[in-house]
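Values in this text are rule-based calculations from the coordinates and carry no lab data. Bear in mind that the values here come from a model prediction, so they are computed numbers and not experimental data. A quick note on method: Cβ atoms are made from the backbone with ideal geometry, for glycine too, and the neighbour counts reach across all protein chains shown.
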Amino acid sequence: MSIENQEFPMTGDAGRKAAMALLAQATADEMHQFWSGWNNKPHVETLRGPETGLVMVRGRIGGGGAAFNLGEATVTRATVRLDGGAVGHAYALGRQGEKVRLAAVFDALWQQNAHRDAVETTVLAPIAQRLDDELKTRRAETAATKVDFFTMVRGDD
């Protein structure tokens, strides 16, 4: 997903997919900060998890070769339901259960029209900004190591 071109507000299935992708990339500290600053916290019922398990990561050589099992990755998932009946889901790499539970809460809040704008401006936009800043930093560090090769021609021999 290209963070640089992310447009807010997001709508429909593609918008939810983008929102969930951003929530999965949030740090645990960010999620705790967003939740502690959230006004009028709804009652949250945990339906599943947080549960941690393993998924098989598949890869391809050269992008076109036969798929092979690269290895396993630890993933945590959670599902919650809010007062209004909205159900939120979240998955993220790693073992940070509370982070994933809060991501599911924000997914459920995003699905409610009354809270969508607040989630996008106070939660999703800061995550997207941090990811953009990290990407720009990595690109600048990479560009600093670029070597330009050229060939000098001495004449026709």
*By how many nm would the segment from ARG139 to LEU54 grow when fully extended, if each residue of separation counts as 0.36 nm and the alpha-carbon distance is taken off?*
27.5 nm
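Mind checking the full-extension length gain between ASP148 and ALA73? Use 0.36 nm per residue of separation minus the Cα-Cα distance, one decimal, nm. Working shown, then result.
Details: separation 75, 0.36 × 75 = 27.00 nm, distance 3.77 nm.
Residue separation times 0.36 nm, minus the Cα-Cα distance, leaves 23.2 nm.
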_Tell me the net charge near THR76. Cut-off is 12 Å between Cβ atoms, THR76 excluded, with +1 for each Lys or Arg and -1 for each Asp or Glu._
+3
*Using a cut-off of 28 Å between alpha-carbon atoms, which lysines can reach LYS41, once sequence neighbours fewer than 8 places away in the same chain are excluded?*
LYS17, LYS99
*Going by how many other Cβ atoms sit within 10 Å of their own, how do ARG138, ARG130 line up, fewest first?*
ARG138, ARG130
_Neighbourhood net charge (13 Å Cβ-Cβ; Lys/Arg +1, Asp/Glu -1) for PRO50_ = +3
_If you fit an axis through the alpha-carbon atoms of helix 97-111 and take the longest principal axis of the Cα set of the chain, what angle between them do you get, 0 to 90°, nearest 10?_
80
*asked:* Could you give each residue of region 54-70 its phi-based ³J(HN,Hα) in whole Hz, using Karplus coefficients 6.51, -1.76, 1.60 with θ = phi - 60°, and x for Gly or Pro?
replied: 10, 10, 7, 9, 9, x, 9, 7, x, x, x, x, 5, 5, 9, 7, 7
*Along the positive direction of the dipole of the chain (beta-carbon charges: Lys, Arg +1; Asp, Glu -1; about the Cα centre), which of LEU109, GLN96, ALA19 reaches farthest?*
GLN96
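Based on other C-beta atoms within 10 Å, arrange PHE34, PHE149 from fewest to most. Don't skip to the end; give the middle numbers.
Details: PHE34 21, PHE149 4.
In increasing order of surrounding Cβ atoms, one gets PHE149, PHE34.
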*Expected 222 nm ellipticity per residue - DSSP helices of 4 or more, -39500 (n - 2.57), all of the chain, to 500*: -12500 deg cm²/dmol
*Under a cut-off of 24 Å between alpha-carbon atoms, report the lysines in cross-link reach of LYS146, not counting same-chain residues fewer than 8 places apart.*
LYS136
*Please sort 97-109, 38-50, 61-73, 17-29 by packing, taking for each peptide the average over its residues of neighbouring beta carbons within 10 angstrom, highest first.*
97-109, 17-29, 38-50, 61-73
